[in-house]
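So the structure is just underneath, and the comments pick up after that.
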Amino acid sequence: MDNFINQDYIKNLIKETEQASYDDIEKVLDKASLKKGLSHEDVAILINIKDKKQLERLHQISFDLKKTIYGDRVVLFAPLYLSNYCVNNCTYCGFKHTNNIERYRLSLEEVAKEVKALEKIGHKRLAIEIGEDPINCDIDYVCDVIKTIYASGDIRRVNVNIAATTVEDYRRLSEAEIGTYILFQETYDYDKYKELHGNSLKGDYNRQLYAHHKAIQGGVDDVGGGVLFGLSDDYRFDLIALMIHDEELLKEFGVEFHTISFPRIKPAEGVDLNTYNTIDDETFMKIVSIVRVAKPLVGMIVSTRESHDMRMRLINQGISQISANSVTSVGGYEDAEHSMSQFELEDDLNLLDTMKDLIKHGNLPSYCTACYRMGRTGQEFHDQVESLKIAEMCHPNAILTCLEYALDSKDQEFYDLAYPFLLDQINKIKNESIKAKVQQFFNRIENGERDLYV
């Protein structure tokens, strides 16, 4: 295989670091506390933490680092499933082509209805999801959907999770003004990857691996990655390989993953969990903390695959974005009985209650999309985060978008909870000129204006 993931090297690194001493781990934790990131070799050592005090220290460093970079804000979004047509037969997916399910693709009119339903809930940021089918769901359809979403209401950002494609197709997505292009390697273990995906289009390991390279070459500024934990025989392999992938993008293009997602395999139609290596909660929490200290600048996402309690705990360990009020069936927002879900969800809390709980835990819900409209993407975004300046914009814009939600939800209980919390958040702004602008925008939003940002 001609690629940057050296299978033997990673396996040998795991063996070499399995006996890492207490002092070896302490040295890496000391390095992590500097908040400058870690190498994949450092990550290989941290994986071996077993001592309770060291584990607590890891989680604390992770929490402190996230607060330093991103403050209290937690970004929210919703997935929008467009089609369950798929030519692949991924063994872990409810949409695999051998499943005898009703196949459906939303028309553009139905997309517009879904957008209206999502806006009624309160969402401003979407991630479109689609099975791979070159005939039923080609790039023309995807671009038409993005255009329809932006034209149908007040959705301010559309992230895209579609199959690996060509540089030219990515250029078209960029021209359609997508936010982040998201694609998971699923597992970096080559043999396991081939076993899970067979001789399908997705079965091409290198096509999947180099998708982010092609996306960046096609003009997409921000790309997101991840693995589906539980697929590999050894989660340590995937974790180290994911770090190497991030290092590769930084070396080649000067930018890291914009986001890394943390899905765990869940029950789905035709999926037997007993055949996979499911990850327990403690290990999962350790994985999240390790990635946060290793990659301080990267946005970290956990979806409603996880329980509400687990998601609240993970926010304290580095997670900076969550989905909410999610539906994983095609057309499921406008018609709850429309079709089968891709996988089972653990957190079915509605958006309003999710927002309330975030604030009760001291988190600032955010629908900010300012960076994408101000050109703070790609290298510019990376530099802003690295210089710790991004919080000066993330925090104020989170306040303003949360106020919008508090007013538009027309829920008095939420407004009574959020309003004093937001005023307190304004008082935390250290830059006096930004604080003055936020106070001005705050008043204008109260008087009916929307979509104001710094």
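The values are calculated or read from the model by the stated rules, or taken from the named source; none is laboratory data. Values in this document were obtained by computation on a predicted structure and should not be read as measured data. All Cβ positions, glycine included, derive from the backbone under ideal geometry; neighbour counts span all protein chains shown.
Numbers below:
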read-out	value
Top-ranked residue of the stretch 227-255 - restricted to ones that are more than 20 Å from Met285 (Cα to Cα), of a type in the set (A, V, I, L, M, F, W, C) and under 19 Å from the mean Cα position of the chain (by Cα), ranked as surrounded by the fewest Cβ atoms within 10 Å (Cβ to Cβ)	Leu250
Given (1) closer than 25 Å to Val111 by Cα; (2) outside any loop (DSSP other than H, G, I, E, B); (3) at pLDDT below 90, number of the condition Val327 does not satisfy	(2)
Exclusive hit being under 19 Å from Ser320 (Cα atoms), at pLDDT 95 or above and touching a Lys or Arg at 6+ places or on another chain (Cβ under 6 Å), set Leu364, Leu422, Leu400	Leu364
Filtered residues of the stretch 92-128 (kept if among the charged types (D, E, K, R), surrounded by 18 or more Cβ atoms within 10 Å (Cβ to Cβ) and closer than 23 Å to Pro365 by Cα)	Glu114, Lys124, Arg125
Qualifying residue in the stretch 184-195 (condition: of a type in the set (A, V, I, L, M, F, W, C), touching a Pro at 6+ places or on another chain (Cβ under 8 Å) and assigned by TED's automatic domain parsing to the domain that holds Asn88)	yes
Those residues of the stretch 150-172 which are crowded, with 23+ Cβ neighbours inside 10 Å and either in a helix (DSSP H, G or I) or on the phi > 0 side of the Ramachandran plot (or both), in sequence order	Tyr170
Test: Asp72 is within 30 Å of Ile45 (Cα to Cα), within 23 Å of the chain's Cα centre (by Cα), of a type outside the set (Phe, Trp, Tyr) and assigned by TED's automatic domain parsing to the domain that holds Gly225	yes
Subset of the stretch 347-367 that is under 17 Å from the mean Cα position of the chain (by Cα) and in a loop (DSSP other than H, G, I, E, B) - its residue that is nearest to Asn397 (Cα to Cα)	Tyr367
Residue in the stretch 299-306 that is among the charged types (D, E, K, R), in contact with a helix residue (DSSP H, G or I) (Cβ under 8 Å, 6 or more places away or on another chain) and more than 25 Å from Asp51 (Cα to Cα) present	yes
Where a residue in the stretch 287-299 is of a type in the set (Lys, Arg) and its partner, wherever it lies, is modelled with pLDDT of 95 or more, with Cβ under 6 Å and at least six apart	Arg292/Ser62
